[in-house]
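The values are calculated or read from the model by the stated rules, or taken from the named source; none is laboratory data. Because the structure is a prediction, the values reported are computed rather than measured. Using ideal geometry, Cβ is built from the backbone for each residue, glycine included, and neighbour counts are taken over all protein chains shown. All accessible areas refer to the heavy atoms of the entire protein, side chains included, with ligands and DNA or RNA removed. Shrake-Rupley method; radii C 1.70, N 1.55, O 1.52, S 1.80 Å.
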Amino acid sequence: MGFQCGLVGLPNAGKSTIFNAITHLGVEASAYPFCTIDPHFGIVPLEDPRLDFIFENIGSAKKSPTTLEFVDIAGLVKGASRGEGLGNQFLSHIGRVDAIAQVIRCFEDENISHPYETLDPVRDANDVKMELLLKDMELIDRRLSKIRTAAKTGDPASKKMLDTLEPLYDQVSKENEVRSLNLSETQLELVREMNLLTAKPVILIANVDEAHLHDSPCVCSLTEYGTTINAPCLPFCGKAQAEIAELDQADQLEFMTAMGLEETALQKIVRAGYDVLHLITFFTANENEAHAWTIPEGTNVHEAAARVHTDFKEKFIKAEVIKTADLKTYGSMKVLHDHGLIEVHGKDYIVEDGDLILFKVR
Ligand SMILES: Nc1nc2c(ncn2[C@@H]2O[C@H](COP(=O)(O)OP(=O)(O)OP(=O)(O)O)[C@@H](O)[C@H]2O)c(=O)[nH]1
Ligand SMILES: [Mg+2]
């Protein structure tokens, strides 16, 4: 069960460039619009100092970080929901991701065409939002037309679905994104099943030139826009970071420092994707491996066991839970044990971010 974050935006915004910077995969990124047609996939590790600490403390042979998958999706233009540009088909790629990382062009370059010729990041971000809203309207409308006749004849299930969907359609047609709405449990279930695009959490990536990383008016306006749609905005120098990603690892840090780039910029994107999806990390560790695992907030330890091994769920007896912070304070598992600081939990325990778990199974 991996989580996916889709790079979405207008053509030539720099999606493939940023995908390359994050994944080091070297897919084609070029100055002509609609360069990307089929999606590209790349798995990126999430760095976590807690895993480094556990790995050292337990003395494991191997370290396995948790990951997030990024998907480079074709560019979308105004009218995409009606088939403009590459049209409707790739909106279905967006339907499959868990979160949307919207890439917005904030760099000037006369050699790289812009669909509107001028730089206006809020307009661009809003255009993408409108296309996703229009697609959601279409999806809901299609479902409504299917059930209206049955509802009229008195079919109770169709009547119930009509009552659930009509208010949703009303809100979306007023340009309210699904994720901003207060939904009932039934509506939430339906939204998940229908994969509505504006229900997905969003991060904004402002693609700036390194010369304007710290003083870009575009980044300021996008950050402000982000607060209105409840989306964090991260400035990122796509081109420079992608070029650095091609260098030997030993040279990367030197170039980043020379260019005034933040070493942590890439990880900030991965971390933001993780945060908007409300994901948390738990750890398992023994002499063979220290392993970080991703689960949604609110997952119980029985479900978490299944992430580690399918058998663990069926054979679960109990879980011994150590808080990573306690391990840091007391220095070793043995001391924690002597202080009675190893918690023992049954299936219903809700896993907390940073728990180090020892599963006891039959
Ligand atoms: N100057 C400058 N150029 C950039 C930057 N980011 C991307 N580019 C260039 O812009 C062009 C388009 O970049 P891509 O990454 O292919 O854009 P895309 O969003 O994937 O485009 P489509 O796949 O066509 O939708 C390429 O020539 C990149 O080198 C940047 O931060 N500064
Ligand atoms: Mg591309």
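A few remarks follow.
- For ALA211, the shell of other residues with beta-carbons less than 14 Å away shows a net charge of -4, using +1 for Lys and Arg and -1 for Asp and Glu.
- Close amide-amide hydrogen proximity is noted between THR36 and GLY75, each under 5 Å apart and 5 or more residues distant or on a separate chain (H modeled in the peptide plane; Pro and chain starts excluded).
- Förster-model FRET efficiency, 45 Å R0, ALA306 and LEU253, C-beta, rounded to 0.05: 0.70
- Local electrostatic count, CYS5, Cβ distance below 10 Å [Lys/Arg +1, Asp/Glu -1]: -1
- In summary, the lysines within cross-link reach of LYS323, defined as a Cα separation below 28 angstrom excluding same-chain residues under 8 places away, comprise LYS62, LYS63, LYS268, LYS313, LYS315, LYS334, LYS347, LYS360.
- When the Cα positions of GLY238, PRO115, MET161 are compared along the charge dipole of the chain, MET161 comes out farthest toward the positive end, with charges on each C-beta of Lys, Arg, Asp and Glu.
- Applying the Karplus relation 6.51 cos²θ - 1.76 cosθ + 1.60 with θ = phi - 60° to segment 55-62 yields 3J(HN,Hα) values of 4, 5, 5, 7, x, 6, 7, 9 Hz, where x marks Gly and Pro.
- Our summary gives the chain a relative contact order of 19 percent, counting only alpha carbon pairs under 8 angstrom and 6 or more residues apart.
- J(HN,Hα) series, segment 7-13, from Karplus relation 6.51 cos²θ - 1.76 cosθ + 1.60, nearest Hz, glycine and proline x: 8, 10, x, 5, x, 6, 6
- Across the chain: Cys residues that no other cysteine approaches within a C-beta distance under 4.7 Å: CYS5, CYS35, CYS220, CYS233, CYS237
- The chain shape via C-alpha gyration tensor axes, a/c threshold 1.5: oblate
- Potential lengthening between ASN126 and ARG192 on full extension [0.36 nm per residue; Cα-Cα distance subtracted]: 21.4 nm
- Cβ-derived FRET efficiency at R0 45 Å, THR228 paired with ASN111, nearest 0.05: 0.85
- Choice from GLU47, GLU193, GLU177 with maximal GNM fluctuation in the chain (Cα, 10 Å cutoff): GLU193
- Of the GluC sites (Glu not before Pro) found in segment 231-290, those in coil by DSSP whose Cβ has at most 16 other Cβ atoms within 10 Å are GLU246, GLU262, GLU263, GLU287.
- A prolate overall shape is assigned to segment 1-95, the ratio a/c of its alpha-carbon gyration tensor axes (a ≥ b ≥ c) being 1.5 or greater and a/b exceeding b/c.
- Segment 4-276 - percent of accessible surface contributed by carbon and sulfur, probe 1.4 Å: 51 percent
- For segment 298-361: rounded, prolate or oblate by the Cα gyration tensor [a/c cutoff 1.5]: prolate
- Table column - 3J(HN,Hα) (Hz), segment 216-224, Karplus curve with 6.51, -1.76, 1.60, x for Gly and Pro: 8, x, 4, 5, 4, 5, 5, 4, 5
- Segment 4-276 - accessible surface per residue (Å², probe 1.4 Å): 48 Å²
- Positive-end ranking of PHE70, ILE54, ILE94 along the dipole of segment 38-97, with charges on Cβ about the Cα centre, is headed by ILE94.
- Set of aspartates and glutamates near LYS129 by C-alpha distance (under 15 Å), chain-local residues within fewer than 8 positions excluded: ASP120, GLU138, GLU175, GLU177
- Accessible-area composition of segment 298-361, carbon plus sulfur, in percent [1.4 Å probe]: 52 percent
- TYR32 accessible area, assembled protein chains, probe 1.4 Å, Å²: 120 Å²
- Averaged over its residues, segment 298-361 has an accessible area of 54 Å² per residue, based on protein heavy atoms and a 1.4 Å probe.
- Long-range amide H partners of GLU108 with built H, under 5 Å: ASP209
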